[in-house]
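Peer 1: For reference, the structure I am asking about is given below.
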Amino acid sequence: MFGIKSKINDGMLYLLNDMVENQVVNAKKELTELPEENSERREFLTAQIAAYEAQLKQFKEDIDKQLSEKFQFSVEELYAMYGQYDRKYISVEFHKFSESAAKFGRNIGGVLTYYKKEREELEDAISQENVPRTNGLVKIDCSKDEKLSDGQKKELIENGFVSGDIYEVLASDFPVAKSYNQTGVKDIPNTITVNVDPTDFDPNSAYLWLYGQRIKNGVFLIEEEIAKFCGLSLYLKPGSENYDFVKENGFDENGQKLTKVRYFELEAKLYATDISKEELLEFNEFLQARKVERIEAIKKEIKRSTNKTLEQFAEEYPDIYSELQKSRVQFETESLEYHEVVIPIYWDYPSFLHIYLRHCDELAIEGHFENKTKFQYTQKDIKRILKIAIEELKPQINEKLKEGKDFRIYGDRSLYFNGNHYSLHILADGRVAAFHPMENPTE
């Protein structure tokens, strides 16, 4: 979709698709209410709807094709990971276009259940040297899932759903196990899954409210957030150019709108499908400039990590290169912690590249850093671990930042969490410069 090649196991696979669907609905609604004489706007909306629907169709066809060729969860894997543990509650998210999603909704929660014979057969299956992978029916007790009807609950516990329809499984109440020196990928303990329906959710209004509350409460914003607040204000609140905060932070000394502010203003207009052709061209110029900037950042980090050119890297590591291309489009600079800290702790794109390219096992690369310690968490969980580390170390971080100094913790003084010691480096301006585990368990 929009030049991004998605895979069925990508994190936030359907987020962009959901957003575009919502934009199509809004555009169609506006089109039906638009006067016939407003031909230019009608022409723009008609073209936009057609373009978006083509992208949506292409995305669905691609996902359906991938799912026809392989599936993510087998009956045996679900039993081994969750079913063999008594009363292990799981949250299941189905692939958006699957039969299960159509019947039960995209998210359900419950406990996998088995008859005695089924359990005996699965116990035998997972003990084999080569565990089979069956795309079959799995039954689940969803009696506590209030979103489901009695009929749906009965269907799920008596007949179940097809395991291959699952996109993602999240679980809490993990079995007791020793974390230190534990090998393989870990789950973050005490994780609670909260399913959120993004339909009709306007992230720009949410950001505007959140940043406004932080400003009102005297909480600092980073440069990116200030620009976003000003840009969103200019679009969502006409006349806000007269607000003191926006006047002081959204324009230069000559009264010209700052580049970043204009970027976020146009981004908000695009999301609301309220952008003119000229503004769309202007926004594309911003995107191209950011693309160049981020490609340079990728080149720099690859050079530091591998001594390879971008072209060599793309040829030798096509999957990792593809992930980097997605991150180039999707990553947003953001505060990771701003409560009770001297200044907000944040990460930007160079921070992301440095942490993920060197220490994320899913993006393992050769070169200078092929033997660097790797996180024992999936790519999407590393950010959560980083936020946990910052929260744990907040008092020590504040001490250094009050003095205008960098914060570093490593070696014997490194942070211990869930079986691993972590090194963390935060610059005096609050930017995360480095974060990684100190050692990997012995395989």
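The values are calculated or read from the model by the stated rules, or taken from the named source; none is laboratory data. Please read all numbers here as calculations on a predicted model, not as lab measurements. Don't worry about glycine lacking a Cβ; one is built from the backbone with ideal geometry, like all the others, and counts go over all protein chains shown. Only protein heavy atoms, including side chains, enter the accessible area calculation; ligands, DNA and RNA are left aside. Shrake-Rupley method; radii C 1.70, N 1.55, O 1.52, S 1.80 Å.
Peer 1: Could you please find all residues in the stretch 159-176 being modelled with pLDDT under 90 and either open to solvent by 70 Å² or more (accessible area, probe 1.4 Å) or under 14 Å from Gly110 (Cα atoms) (or both)?
Peer 2: Keep residues of the stretch 159-176 that are modelled with pLDDT under 90, which gives 170-176.
The answer is Leu170, Ala171, Ser172, Asp173, Val176.
Peer 1: Among the residues of the stretch 344-387, which ones are at pLDDT 60 or above and surrounded by fewer than 16 Cβ atoms within 10 Å (Cβ to Cβ)?
Peer 2: Matches in the stretch 344-387: Lys380, Arg384, Lys387.
Peer 1: Return the total of residues in the stretch 234-253 being farther than 12 Å from Leu208 by Cβ, of a type in the set (Gly, Ala, Ser) and surrounded by 15 or more Cβ atoms within 10 Å (Cβ to Cβ).
Peer 2: Of the residues in the stretch 234-253, 1 are farther than 12 Å from Leu208 by Cβ, of a type in the set (Gly, Ala, Ser) and surrounded by 15 or more Cβ atoms within 10 Å (Cβ to Cβ).
Peer 1: Looking only at residues in the stretch 183-213 that are surrounded by 14 or more Cβ atoms within 10 Å (Cβ to Cβ) and in contact with a strand residue (DSSP E or B) (Cβ under 9 Å, 6 or more places away or on another chain), which one is modelled with the lowest pLDDT?
Peer 2: For the stretch 183-213, the residue satisfying everything is Lys186.
Peer 1: Sticking with this one: Run Glu99 past the list (1) over 29 Å from Phe331 (Cα atoms); (2) in contact with an Asp or Glu (Cβ under 7 Å, 6 or more places away or on another chain); (3) open to solvent by less than 20 Å² (accessible area, probe 1.4 Å) and report the number of the one that doesn't hold.
Peer 2: So Glu99 meets the others, but not (3).
Peer 1: Here is a further query. Filter the stretch 329-348 down to residues that are under 13 Å from the mean Cα position of the chain (by Cα) and charged (D, E, K, R), then give me how many there are.
Peer 2: 2
Peer 1: In the set Ser100, Ser68, Ser91, which member is more than 28 Å from Thr273 (Cα to Cα), in contact (Cβ under 8 Å) with a residue 12 or more places away in the chain and assigned to a helix (DSSP H, G or I)?
Peer 2: On the way: Ser68 fails: in contact (Cβ under 8 Å) with a residue 12 or more places away in the chain; Ser91 fails: assigned to a helix (DSSP H, G or I).
Just a single option satisfies the conditions, and that option is Ser100.
Peer 1: Suppose the filter is under 30 Å from Leu122 (Cα atoms), in a helix (DSSP H, G or I) and among the small types (Gly, Ala, Ser); does Ala47 pass it?
Peer 2: no
Peer 1: Also: Looking at Val75, Val111, which is the one that is buried (at least 18 other Cβ atoms within 10 Å of the Cβ) and in contact with a Lys or Arg (Cβ under 7 Å, 6 or more places away or on another chain)?
Peer 2: On inspection, the qualifying residue turns out to be Val111.
Peer 1: Among (1) open to solvent by less than 60 Å² (accessible area, probe 1.4 Å); (2) touching a residue at least 40 places away in the same chain (Cβ under 8 Å); (3) at negative phi, where does Asn135 come up short?
Peer 2: So Asn135 meets the others, but not (1).
Peer 1: Hey, can you tell me all the residues within the stretch 285-307 that are out of contact with any Phe, Trp or Tyr (no Cβ under 6 Å at 6 or more places or on another chain), farther than 16 Å from Gln325 by Cβ and open to solvent by less than 70 Å² (accessible area, probe 1.4 Å)?
Peer 2: Within the stretch 285-307, Ala289, Thr306 meet the criteria.
Peer 1: Out of the residues in the stretch 71-87 that are in contact with a Pro (Cβ under 8 Å, 6 or more places away or on another chain) and part of a loop (DSSP other than H, G, I, E, B), state the one that is farthest from Tyr14 (Cα to Cα).
Peer 2: Within the stretch 71-87, the subset in contact with a Pro (Cβ under 8 Å, 6 or more places away or on another chain) is 74, 76, 85.
Add one more test, that the residue is part of a loop (DSSP other than H, G, I, E, B), and what stays is 74, 85.
Details: Ser74: 21, Tyr85: 30 Å.
Once the filter is applied, the top-ranked residue is Tyr85.
Peer 1: State whether one or more residues within the stretch 97-105 are basic (Lys, Arg), at pLDDT 95 or above and either in contact with a Ser or Thr (Cβ under 7 Å, 6 or more places away or on another chain) or closer than 24 Å to Asn22 by Cβ (or both). Spell out the reasoning first.
Peer 2: Looking only at the stretch 97-105, we keep the residues that are basic (Lys, Arg), and these are 103.
Right, trim to at pLDDT 95 or above and you get 103.
Now restrict to residues that are either in contact with a Ser or Thr (Cβ under 7 Å, 6 or more places away or on another chain) or closer than 24 Å to Asn22 by Cβ (or both): 103.
Within the stretch 97-105, one or more residues are basic (Lys, Arg), at pLDDT 95 or above and either in contact with a Ser or Thr (Cβ under 7 Å, 6 or more places away or on another chain) or closer than 24 Å to Asn22 by Cβ (or both).
Peer 1: Let me ask something else about it. Restricting the stretch 304-315 to residues that are touching a residue at least 12 places away in the same chain (Cβ under 8 Å) and charged (D, E, K, R), which is nearest to Ile4 (Cα to Cα)?
Peer 2: The selected residue is Lys308.
Peer 1: Yes or no: Asp319 closer than 30 Å to Val219 by Cβ and out of contact with any helix residue (DSSP H, G or I) (no Cβ under 6 Å at 6 or more places or on another chain)? First the steps, then the outcome.
Peer 2: Values: closer than 30 Å to Val219 by Cβ: no; out of contact with any helix residue (DSSP H, G or I) (no Cβ under 6 Å at 6 or more places or on another chain): yes.
When the stated conditions are applied, Asp319 does not pass them.
Peer 1: I'm trying to understand the selection: among the residues of the stretch 301-321, which are part of a helix (DSSP H, G or I) and of a type in the set (Val, Ile, Thr)? Spell out the reasoning first.
Peer 2: Let us first name the residues in the stretch 301-321 that are part of a helix (DSSP H, G or I), namely 301-306, 310-316, 318-321.
Matches in the stretch 301-321: Ile302, Thr306, Ile320.
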